Structure formats: structure tokens, C-alpha cells
Amino acid sequence: MKTLYLLDASSFIYRSYFALPPLSTKEGFPTGAIYGFLRMILAIMKSERPEYLAVVFDFPAPTRREEVFKEYKAGRPAMPDPLKVQIPVIKKLLKLMGIPILEKKGYEADDLIAVLARRFSERGFRVKIYTPDKDMLQVVSDKVTVVNPVNWEVFDPDKVRRKFGVPPEKIPDYLALVGDKVDNIEGVKGIGPKTAMDVIQRFGGVEGILERWEEFKKLYPEADRDKLKLSYTLVKPMTDADIDLGDEDLKISKPDTEKIRAELQNLEMKSLIKDIENLSRTVNQGSLF
């Protein structure tokens, strides 16, 4: 069975930037995120031997969620300038490596990943998603797994149930109730992880809560109906993104080794050139590494 690998670019880039000591060229151009990102990508390609892979980026503009809720992710600090200037270089290197990249105005990477995961799993693919974002656990199924690149924890439906006490399809209900500080989603006061499991079991989820609001309100007097509805909307993927991609569009193509070598030399990353050259040879042979 074919497998499509989907990587949340932001999680890899941020992790690389903050996990490594500051790196730069002799001229002072920052390179830590680029180096760490390439190392992580090459490690995945070496261990998984992917044929179909896409690196998915957040589009650098207000998203549709921010149109619904202006304070969405308001608590996150702005991207540091030394990191911001490295992203175009990462995209350029991915293209030279023959790796498809995807981004779409108004949508976050999670939205696009959810659309692709559903569409390609329905086509008979297995899908493996690399992201630390709990929101993505809602797309886990018998054909879709999520890998947290922070600790390489693998989530299938059973793992989601064991860790969160609910099946994957109830993750939006769980997150709407407990909240998500990273995305500035408030949740319901008085409801933590354990209580959320009990509430979902009793009411069936957010839709059941809204139908039996008075009963729920007696249990949690500080609950706000509109805020709960908003939270539920925000934690679910925006799956209406118009993405017209076939199998071949997400297939890794032959790397442009000469241009990659030149780019890496300019970035003073000569240690990566050999790995890229290995990649080129094995792509020509129909497999990676």
C-alpha cells in the first residue's frame, strides 16, 4: 500500500531554530533553522524511504480563523527576524530536493494536512503526519497516523484513546472543553482533562452539550455557550480548502544536486552535501537511501 508523508513545516522549523545554538555564515546570515530542518527531513527520508511526501506551510497572512476570532493565537510571540529570513531558503532547498511543498492563502498547515489526509486515505493510501499539534489527532484513523516529532510518539486510534480517554473524532470536543493556551482557546472553567472525558461520555460531545445546555450549565455555571461554540469551531480543521492535487503531484522527484551543492556551500553546510548526493543517487534508482 502506498504511503503519503505529510510534514507540518512550522513545527520542524521552530524546533530546529530553538533547539540548536545560534548558527550563521561568516557573513552573519542565520542558518540554525535551515540546518536543523534539513537534518530532520533527511532523517525521516532515510528511515521511512518515502515515495510520496509534502511539506506543508502556514500561509504568512491572516487566516480564516482570525477572521472568526481576532484573538486566535494572540498569545504567541512574533516570529524572530533571524528565523523569518531562513524560511524562503528552506522552501528553495526543498524544491531543489524534489520535495513538494504546499501552502494556501487563508489556511493553516493543519487545515491542508487534514484535507490531504482524508482525500488520500480515501484513495487507498496510508497517511503518516508529522506534527506536535494535538488538533491533528482528530484525523487519526485505521489509515492515518500522527507522529509527534518532539518525542517521536506515534498515535493510532488506540493510542489516542489511551492518552486522552476519547476516540480521535472526539478530540475537537475534548479541546473545546479543556482549551488550548497555545492557540488562545479558553475552554470551560472547571473542566480539565479528566473531567472532559466524563463530560463527553455523559453528553456525547459539544453538540450534545448545546442541546442540553441548561443541564450542563447547572454543572458548570461559568460556562459560556457562545465561547464553547467558538472554541469548537476553532479546533476543527477548515476542510473547504480547494486543493486539486493528484498522486503524481506529491511524488518526490529527482533532486537538482548541483544547485543544492552550491546552495549548501554558500550556507557553509558542507557536511550535508554528501547526504544530498546520496539522496540524488537513490532517487534515480527508485528509492530513497
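The values are calculated or read from the model by the stated rules, or taken from the named source; none is laboratory data. Everything numeric in this text was worked out from a predicted model, so none of it was measured. Cβ coordinates were reconstructed from backbone atoms using ideal geometry, including for glycine residues, and neighbour counts include every protein chain displayed.
Count, please, the residues in segment 205-257 that happen to be among the hydroxyl-bearing types (Ser, Thr, Tyr) and under 14 Å from residue 116 (Cα atoms). I'd like the intermediate steps shown before the answer.
Looking only at segment 205-257, we keep the residues that are among the hydroxyl-bearing types (Ser, Thr, Tyr), and these are 220, 231-233, 239, 253, 257.
Now restrict to residues that are under 14 Å from residue 116 (Cα atoms): 239.
Result for segment 205-257: 1.
Do we have any residue at all in segment 44-55 that's surrounded by fewer than 16 Cβ atoms within 10 Å (Cβ to Cβ) and in a helix (DSSP H, G or I)?
Yes, some residue in segment 44-55 is surrounded by fewer than 16 Cβ atoms within 10 Å (Cβ to Cβ) and in a helix (DSSP H, G or I).
Search segment 165-196 for residues being assigned to a helix (DSSP H, G or I) and surrounded by fewer than 19 Cβ atoms within 10 Å (Cβ to Cβ), and hand back the single one that is farthest from the chain's Cα centre (by Cα).
Only one residue tops the list, namely 195.
Any chance you could count how many residues in segment 1-37 are among the aliphatic types (A, V, I, L, M), modelled with pLDDT of 95 or more and over 19 Å from residue 110 (Cβ atoms)?
Counting residues in segment 1-37 that are among the aliphatic types (A, V, I, L, M), modelled with pLDDT of 95 or more and over 19 Å from residue 110 (Cβ atoms) gives 2.
Of all residues being assigned to a helix (DSSP H, G or I) and out of contact with any helix residue (DSSP H, G or I) (no Cβ under 7 Å at 6 or more places or on another chain) in segment 93-104, which is farthest from residue 15 (Cα to Cα)? Just the residue, please.
Looking at residues that are assigned to a helix (DSSP H, G or I) and out of contact with any helix residue (DSSP H, G or I) (no Cβ under 7 Å at 6 or more places or on another chain), I get 95.
Are any residues in segment 219-272 over 27 Å from residue 168 (Cα atoms) and not assigned by TED's automatic domain parsing to the domain that holds residue 23, and if so, which ones?
Selection gives 221, 222.
Sort through 209, 185, 243 and tell me the only one that's over 30 Å from residue 49 (Cβ atoms), in contact (Cβ under 8 Å) with a residue 40 or more places away in the chain, of a type in the set (A, V, I, L, M, F, W, C) and touching a helix residue (DSSP H, G or I) at 6+ places or on another chain (Cβ under 6 Å).
Step by step, each of 209, 185, 243 is checked, and only 185 is over 30 Å from residue 49 (Cβ atoms), in contact (Cβ under 8 Å) with a residue 40 or more places away in the chain, of a type in the set (A, V, I, L, M, F, W, C) and touching a helix residue (DSSP H, G or I) at 6+ places or on another chain (Cβ under 6 Å).
For segment 252-260, check the following and say yes or no: at least one residue is outside any helix (DSSP H, G or I), in contact with a strand residue (DSSP E or B) (Cβ under 9 Å, 6 or more places away or on another chain) and not acidic (Asp, Glu).
Yes: one or more hits.
Please work out if residue 128 is out of contact with any helix residue (DSSP H, G or I) (no Cβ under 8 Å at 6 or more places or on another chain) and either of a type in the set (Lys, Arg) or assigned to a loop (DSSP other than H, G, I, E, B) (or both).
Considered against the rule, which asks whether it is out of contact with any helix residue (DSSP H, G or I) (no Cβ under 8 Å at 6 or more places or on another chain) and either of a type in the set (Lys, Arg) or assigned to a loop (DSSP other than H, G, I, E, B) (or both), residue 128 comes out as no.
Are there any pairs, at least 6 apart or on different chains, whose C-beta atoms fall under 8 Å, with the first in segment 73-101 and under 21 Å from residue 22 (Cβ atoms) and at pLDDT 95 or above and the second crowded, with 16+ Cβ neighbours inside 10 Å and among the polar types (S, T, N, Q), and if so, which?
86/31
Against the condition closer than 30 Å to residue 25 by Cα and not in a loop (DSSP other than H, G, I, E, B), how does residue 202 come out, does it pass?
For residue 202, the condition - closer than 30 Å to residue 25 by Cα and not in a loop (DSSP other than H, G, I, E, B) - is not met.
Any idea which of (1) at pLDDT below 95; (2) buried (at least 16 other Cβ atoms within 10 Å of the Cβ) is the one residue 68 doesn't satisfy?
(2)
I need every pair where a residue in segment 36-49 that is without any contact (Cβ under 8 Å) to a residue 60 or more places away in the chain has its Cβ under 8 Å from the Cβ of a residue that is among the charged types (D, E, K, R), sequence separation at least 6 or different chains.
36/15
Kindly establish whether residue 229 is assigned to a helix (DSSP H, G or I), modelled with pLDDT under 95 and within 30 Å of residue 78 (Cα to Cα).
yes
Condition first: of a type in the set (Phe, Trp, Tyr) and surrounded by fewer than 23 Cβ atoms within 10 Å (Cβ to Cβ). Now tell me which residues in segment 6-16 satisfy that.
If the condition is that a residue be of a type in the set (Phe, Trp, Tyr) and surrounded by fewer than 23 Cβ atoms within 10 Å (Cβ to Cβ), then 14 is the only one that fits.
Please go through segment 205-226 and pick out each residue that is in a loop (DSSP other than H, G, I, E, B) and either among the β-branched types (Val, Ile, Thr) or over 19 Å from residue 192 (Cα atoms) (or both).
The answer is 212, and nothing else.
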